[in-house]
Amino acid sequence: MGNADLRSLAALSDVSFDELGGSVVAVDAHNWLYRYLTTTVKFTSESKYTTDDGEEVANLIGVVQGLPKFFEHDMTPVFVFDGAVTDLKDDEVEKRREQREKYESELEEAREAGDSTRVAKLDSRTQRLTDTIVDTTRDLLELLDVPIVDAPAEGEGQASVMARRGDVDYVGTEDYDALLFGAPMTLRQITSKGDPELMDFEATLERHDLTWEQLVDAAILMGTDFNEGISGIGPKTAVKELHEHGDLYTVLEARNEHIDHADRIRNLFLDPAVTDDYEIPDSIEPDLDAARAFVTDQWEVDADEVARGFERIDDSVVQTGLDRWA
């Protein structure tokens with residue numbers, strides 16, 4: 001399913017960071033990290049984040065540059081990491097692998113041609129979250145005392161359930177699937193310049209006169225990461241069909257169509273695998289000296305590339321008082 005399909009259904013509005021002070025945001029860690037990783041790679045020389053052993057840790061620059069946005073607005077980020085990937089996503093994973101291999105081939109050609117602009121663009125597109133990138137990100141977050149949650153499956157599903165329980169105020173992700181997981185309020189564009197975009201779950205349902213189950217059914221009809229959609233069904237048609245027939249199964253029967261594993265896909269969104277093994281701290285106490293040493297000494301990241309980020313974190317600790325966070 002294209003993001004444009006679900007975006008056209010979502011109730012979206014602008015929200016000022018000034019309105020978000022004191023809030024707790026469950027961040028889809030892989031989604032957030034990937035965006036900062038690709039941006040860093042695109043605009044930063046490899047030498048700045050490559051160790052003597054050839055290990056690339058551009059993620060550490062991205063984390064240091066990205067976290068201050070939360071701190072400076074008195075927001076507590078809780079990073080939720082993905083767990084196991086369901087076998088239903090095999091096709092999507094394979095598509096992404098094939099696309100990355102295509103970009104890697106084009107990247108090699110661009111390098112041979114000396115096309116630096118295209119190299120920078122393709123280099124960002126070939127990035128993936130390696131074990132080293134995930135592990136070093138987690139280590140840095142721990143040194144900064146930022147809470148981490150390990151989801152058993154989809155991190156976005158875990159974050160959404162935490163929000164539904166009232167343990168956090170918002171889910172932070174660029175993915176519109178947060179709607180399907182029932183996240184009450186989702187902050188998008190938290191990695192972009194300017195204020196974020198607010199996606200409202202209940203307002204979305206009311207706008208289209210749908211139940212949560214019907215919203216998920218609409219997505220399945222259009223297509224998700226777990227299934228191909230039905231040919232000819234876009235957002236407007238999906239809503240119309242559900243108003244007329246009531247649910248996914250009746251729509252499929254009326255159109256003489258079939259979707260493999262429809263029940264499983266539906267349940268992935270309506271009842272995702274989650275854990276209760278997490279705590280939202282009353283305070284956080286970042287060890288900035290240890291974090292700087294980890295990034296610049298242990299992982300040999302150019303100190304100048306992270307100096308401003310650490311300075312912003314340090315300043316925000318003084319200005320907002322992280323020990324007031326809840």
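Measure off 7 Å from each Cα along the Cα-to-Cβ vector at HIS258 and ALA203, then give the distance between these two points in nanometres to one decimal.
According to this spin-label approximation, the distance is 4.2 nm.
Please go through the residue pairs LYS193/LYS240; LYS69/LYS236; LYS48/LYS69 and name each one whose alpha carbons sit more than 31 Å apart in this structure.
Listed pairs above 31 Å: LYS193/LYS240; LYS69/LYS236.
Do any trypsin sites (Lys or Arg not before Pro) in the range 185-243 lie in a DSSP loop with no more than 16 other beta carbon atoms within 10 Å, and if so, which?
LYS193
Given the Cα-Cα distance of LEU12 and ARG165 and 0.36 nm per residue of separation, how much length would full extension add, in nm?
Roughly 52.9 nm would be gained on extension.
Report the FRET efficiency, 1/(1 + (r/R0)^6), for GLU55 and ASP276, where r is their Cβ-Cβ distance and R0 is 25 Å, rounded to 0.05.
For R0 = 25 Å, the calculated efficiency reads 0.10.
With a ≥ b ≥ c the root eigenvalues of the C-alpha gyration tensor of the range 209-271, is it rounded (a/c under 1.5), prolate (a/b larger than b/c) or oblate?
Here the range 209-271 falls in the rounded category.
Each reported figure results from applying straightforward, stated rules to the coordinates on display, with no laboratory input. Since this is a predicted model, take the numbers as computed values, not measurements. All Cβ positions, glycine included, derive from the backbone under ideal geometry; neighbour counts span all protein chains shown.
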